[in-house]
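S.K.: Pasting a structure below so you can have a look.
Computed from the coordinates by the stated procedures, all read-outs in this text should not be read as laboratory data. Note that the structure is a prediction, hence the values are computed from the model and not measured. We place every Cβ from the backbone using ideal geometry, glycine too, and count neighbours over all the protein chains shown.
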Amino acid sequence: MSALSLFLLALAALCVAFAGLYGVARRIDNYGIVDIAWSYAFGALAAFYALAGPGWPIRRALIAAMAVLWSARLGTHLAVRVIGHHPVEDGRYQQLRKDWAANFAAKMFGFFQLQAVSVVLLGAAFLLASLNPAPELHPLEIAGVLLWLIALSGEALADAQLAAFKRGPANRGRVCDAGLWRYSRHPNYFFEWLIWVAYFVFALGSPWGWVAVIGPASILFLLLRVTGIPMTEEQSLRSRGDAYRRYQQTTSAFIPWFPRKPSV
């Protein structure tokens, strides 16, 4: 099966799947479930490419394993959060209900379809690696695996530290500044982006691997300018006010770094 055939088949299948998911979200009146599906979809996409691609089997299995493990961890983490809060919807989707009130149903359906398209575009690294017939691993692929291990461990640690902080009765309403959160306001986002950098590095060992730069570049833009840090911090400022403003003054927004002294 050609690269174009694999791409178009994956795109069509995901568009249909996310259309069905929209129906489920509308029925339960909680559109936050799209985050869960988006995360799991990458593992399914990589597995499909690995099974149908013509590349070296060991490379296909390796990139699929990386994607499936990351996808399963992130998707399950989000599932626990979304389901645990249901029927209360994530604040981002509550805000979209207000912003899109005039034509909410159509715009949200389009949003779900956009998630399907983004999975296939961002998954370029999985496709390119699954097409590569070279019967040995390139040094860049080994470097990508090592970076992926560091990034996945960092993201899991950040999530665990935040969850542990929230479980403490004395921390109710406080800003988490423990562990990695002392050095970055969003260490989970930073390591999430680093995972996409790892996929890109891995893809560089294959022909046309540079195309996979769309992954880390797009994720970085989304995290810094769109649905990541901006919306999360707006919500934190509404819920924690001056305490979070002080945290912003002393702590790096994204890349972990030593805390600054608060301004007078």
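S.K.: Just subtract the alpha-carbon distance of ALA3 and ALA156 from 0.36 nm times their residue separation and send over the number in nm, one decimal. If you can, show how the numbers build up before the last one.
M.R.: Working: separation 153, 0.36 × 153 = 55.08 nm, distance 3.29 nm.
Between ALA3 and ALA156, full extension yields an extra 51.8 nm.
S.K.: Give the distance, in whole Å, between the Cα centre of segment 180-236 and the Cα centre of segment 112-154.
M.R.: Here the answer is 13 Å between Cα centres.
S.K.: Could you please rank ARG245, ARG59, ARG260, placing first whichever residue has the fewest other Cβ atoms within 10 Å of its Cβ? Mind showing how you got there, number by number?
M.R.: Working: ARG245 13, ARG59 25, ARG260 10.
Lowest count first: ARG260, ARG245, ARG59.
S.K.: Top mean-square fluctuation among VAL120, VAL80, VAL34, Gaussian network model of the chain, C-alpha springs under 10 Å?
M.R.: In the Gaussian network model the winner is VAL80.
S.K.: Could the peptides 9-22, 159-172, 223-236, 177-190 be put in order, highest first, of the mean number of other beta-carbon atoms found within 10 Å of their residues? Working shown, then result.
M.R.: Details: 9-22: 17.1, 159-172: 12.3, 223-236: 15.3, 177-190: 19.9.
For the peptides 9-22, 159-172, 223-236, 177-190, the packing ranking is 177-190, 9-22, 223-236, 159-172.
S.K.: Would you kindly state how much longer the chain becomes between ALA253 and PHE111 on full extension, computed as 0.36 nm times their sequence separation minus their alpha carbon distance, in nm to one decimal? Let's see the in-between values first.
M.R.: Working: separation 142, 0.36 × 142 = 51.12 nm, distance 2.69 nm.
Stretched fully, the ALA253-PHE111 segment lengthens by 48.4 nm.
S.K.: For the pair ARG97/THR76, report the inter-label distance in nm, with labels modelled 7 Å from Cα in the Cβ direction.
M.R.: So the label points at ARG97 and THR76 sit 3.0 nm apart.
S.K.: Continuing with this model, one more query. On C-alpha positions alone, give me the angle between the axis of helix 104-122 and the longest principal axis of the chain, in degrees, nearest 10.
M.R.: Approximately 50 degrees, to the nearest 10.
S.K.: Helix 214-225 versus the longest principal axis of the chain: what is the Cα-based angle in degrees, 0 to 90, to the nearest 10?
M.R.: Tilt of helix 214-225: around 10 degrees.
S.K.: Could you tell me which of rounded, prolate or oblate describes segment 64-109, using a ≥ b ≥ c as the square roots of the eigenvalues of the alpha-carbon gyration tensor, with rounded for a/c under 1.5 and, failing that, prolate when a/b is larger than b/c and oblate otherwise?
M.R.: On the way: a/c = 4.10, a/b = 1.93, b/c = 2.12.
Oblate.
S.K.: Using the Cα centre of the chain as origin and beta-carbon charges of +1 (Lys, Arg) and -1 (Asp, Glu), tell me which of MET1, PHE104, VAL16 is placed farthest towards the positive end of the dipole.
M.R.: Positive-end residue among those listed: PHE104.
S.K.: Follow-up question, since we're still on this one. Restricting attention to segment 196-259, which chymotrypsin sites (Phe, Trp or Tyr not before Pro) occupy a DSSP loop and are surrounded by at most 11 other Cβ atoms within 10 Å? Write out the running numbers ahead of the final one.
M.R.: Details: sites: TRP196, TYR199, PHE200, PHE202, TRP208, TRP210, PHE221, TYR244, TYR247, PHE254, TRP257; in loops: TRP208, PHE254, TRP257.
Passing both the DSSP loop test and the Cβ count: TRP257.
S.K.: I would also like to ask the following. For the chain, what is the relative contact order in percent, using Cα pairs closer than 8 Å and at least 6 residues apart in sequence? Don't jump to the answer; show the numbers that get you there.
M.R.: On the way: 340 pairs, mean separation 51.6, N = 264.
Normalised by residue count, the contact order of the chain is 20 percent.
S.K.: Taking R0 as 41 Å, what's the FRET efficiency between HIS85 and LEU51 from their Cβ-Cβ distance, rounded to 0.05?
M.R.: Values: r = 35 Å, r/R0 = 0.86.
It comes to 0.70.
S.K.: Can you list residues from other chains, or at least 5 along the same chain, whose modelled amide H is less than 5 Å from the amide H of ALA253?
M.R.: ARG185
S.K.: Here's another thing I want to ask about it. So, in nm, how far is label ALA143 from label ALA217 when the simple model puts each one 7 Å beyond its Cα toward the Cβ?
M.R.: Result: 1.9 nm between the two label points.
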